[in-house]
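Colleague: Input: one structure, supplied below.
Computed from the coordinates by the stated procedures, all read-outs in this text should not be read as laboratory data. Remember, it's a predicted structure, so these values are computed and weren't measured experimentally. Every residue, glycine as well, gets a Cβ built from its backbone with ideal geometry; the counts of neighbours run over all protein chains shown.
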Amino acid sequence: MPLTKLHTIIGAVAGASYYLIDRGISEKPVEPEALGACFMLGGLCGALPDVLEPPLHRRHRSFFHSFTTFGAAAYTFSRIDSLEELTEEQKTMLKAALTAYLSHLLLDSRTPVGLPLIV
């Protein structure tokens with residue numbers, strides 16, 4: 001898993017960055033515990049596609065590394081605010097997690113192998 005560490009680091013930064021940007025836009029104070037949680041959650045979700053489909057060979061990418069999953073994750077991200085049963089903190093955490101997952105797919109889409117459309 002040579003690039004899983006890279007995806008973990010970038011996912012962690014993406015999750016924490018989402019949190020900081022969200023706090024800045026909403027003019028809410030940054031809570032260090034929540035920032036740390038988004039950082040850790042981002043690291044986990046940034047590596048998640050490679051956990052679900054381990055990179056044992058160059059063509060390991062299937063459903064969890066596809067443009068279909070990218071679209072589903074992006075659509076889910078856009079609909080989170082309409083989920084009334086979630087608290088604002090839960091919505092922020094879920095968006096940070098999806099941001100990290102999407103960062104993995106964006107990075108993989110830029111490689112020569114790219115992402116499959118649908119599997």
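Colleague: Can you give me the Cα centroid spacing of region 53-85 and region 6-30 in angstrom?
Modeller: When both Cα centres are located, 19 Å separates them.
Colleague: In debye, nearest 20: dipole of the chain around its Cα centre with unit charges on the Cβ of K, R (+) and D, E (-)? Can you show the working numbers first?
Modeller: Working: 10 positive and 12 negative charges, 136 e Å.
Here the size comes out at about 660 debye.
Colleague: Can you name the helices of the chain, as whole DSSP H runs, whose Cα span along the helix axis is 24 Å or more and whose Kyte-Doolittle mean is not below -1.0? Could the numbers behind the result be given before it?
Modeller: Numbers: long enough: 4-26 (32 Å, 0.58); 32-52 (30 Å, 1.26); 88-109 (31 Å, 0.04).
Length and hydropathy pass: 4-26, 32-52, 88-109.
Colleague: For LYS95, which aspartates and glutamates qualify as cross-link partners when the Cα separation must be under 16 Å and same-chain residues fewer than eight apart are set aside?
Modeller: Hits, sequence-local ones excluded: ASP22, ASP81, GLU84, GLU85.
Colleague: Which length gain, in nm to one decimal place, applies between ARG79 and LEU106 when the Cα-Cα distance is subtracted from 0.36 nm times their residue separation? Before the final figure, lay out each step's value.
Modeller: Details: separation 27, 0.36 × 27 = 9.72 nm, distance 2.02 nm.
Contour length minus Cα-Cα distance gives 7.7 nm.
Colleague: Follow-up. Would you mind putting 12-20, 67-75 in packing order, based on average other-beta-carbon counts within 10 Å, highest first? Before the final figure, lay out the partial values.
Modeller: Working: 12-20: 21.9, 67-75: 14.6.
Ranked from most to least packed, the peptides come out as 12-20, 67-75.
Colleague: Do you know the relative contact order of the chain, to the nearest whole percent, from alpha carbon pairs under 8 angstrom that are 6+ apart? The partial results should precede the final answer.
Modeller: Working: 165 pairs, mean separation 44.4, N = 119.
Here the relative contact order equals 37 percent.
Colleague: How big is the chain by the Kirkwood estimate over distinct Cα pairs, in Å? Walk me through the numbers on the way to the answer.
Modeller: Working: mean 1/r = 0.0687 Å⁻¹.
Its Kirkwood hydrodynamic radius stands at 14.6 Å.
Colleague: In addition: Given a Förster radius of 25 Å and the C-beta distance between GLU31 and VAL51 as r, what FRET efficiency does 1/(1 + (r/R0)^6) yield to the nearest 0.05?
Modeller: On the way: r = 28 Å, r/R0 = 1.12.
For GLU31 and VAL51, the calculated efficiency is 0.35.
Colleague: GluC sites (Glu not before Pro) within region 12-119: which are DSSP loop residues with at most 10 other Cβ atoms inside 10 Å?
Modeller: Values: sites: GLU27, GLU33, GLU84, GLU85, GLU88, GLU89; in loops: GLU27, GLU84, GLU85.
Here the sparse-neighbourhood loop sites are GLU27, GLU84, GLU85.
Colleague: For a distance above 14 Å, tell me the whole-number percent of Cα pairs in region 1-70 that qualify.
Modeller: So the portion of pairs separated by more than 14 Å is 63 percent.
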